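The structure under discussion appears below in the form of structure tokens.
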Amino acid sequence: MSTNSAEIAERKAVIKELACDAFEVEPEELAEHTLFDEDLGVDSLNAIDLLAALEKRFGVEIDQVDLSQLTSLATVYEFVAGELGWETGVATAQPVSGVVGAT
């Protein structure tokens, strides 16, 4: 089954809303490739808040060790899409940098 661009946009909007709530930022502050830690100063506790919100909203289990992959809205969407078998609508992946929650 093919996912249309409206479905992808809706899912991305939900993830952005969850991230804004978890990080206590305004939507204007969070673009698709904004780095959570480098650009917003997000700490590991905020990242865990996002993880919990994603698990609750989408029913996906995300291990805390995977937090290092979740560095921007783009990488969060790609990760959740991969876990749930969604189409991504993205031709190429962005490089992963700005690791959140690495200790």
Checklist entry - What residue, of Ile8, Ile15, Ile48, is at pLDDT below 95, aliphatic (A, V, I, L, M) and within 12 Å of the chain's Cα centre (by Cα)? => result Ile48
Next on the checklist: Regarding the range 69-88, can at least one residue be identified that is surrounded by 11 or more Cβ atoms within 10 Å (Cβ to Cβ), modelled with pLDDT under 95, part of a loop (DSSP other than H, G, I, E, B) and acidic (Asp, Glu)?
Outcome noted: yes
Item to check | Residue check, Val60 at pLDDT below 95 and in a helix (DSSP H, G or I) | outcome: no
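Just give me the residues in the range 54-66 being in contact with an Asp or Glu (Cβ under 7 Å, 6 or more places away or on another chain) and either under 22 Å from Glu28 (Cα atoms) or surrounded by 18 or more Cβ atoms within 10 Å (Cβ to Cβ) (or both), in sequence order.
Hit for the range 54-66 is Ile62, nothing else.
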Next on the checklist: If I ask for residues that are farther than 12 Å from Leu50 by Cα, assigned to a loop (DSSP other than H, G, I, E, B) and not small (Gly, Ala, Ser), which ones from the range 16-32 would you list?
Outcome noted: Val25, Glu26, Leu30, Glu32
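The values are calculated or read from the model by the stated rules, or taken from the named source; none is laboratory data. For clarity, every value in this text was computed on a predicted model and none was experimentally measured. We place every Cβ from the backbone using ideal geometry, glycine too, and count neighbours over all the protein chains shown.
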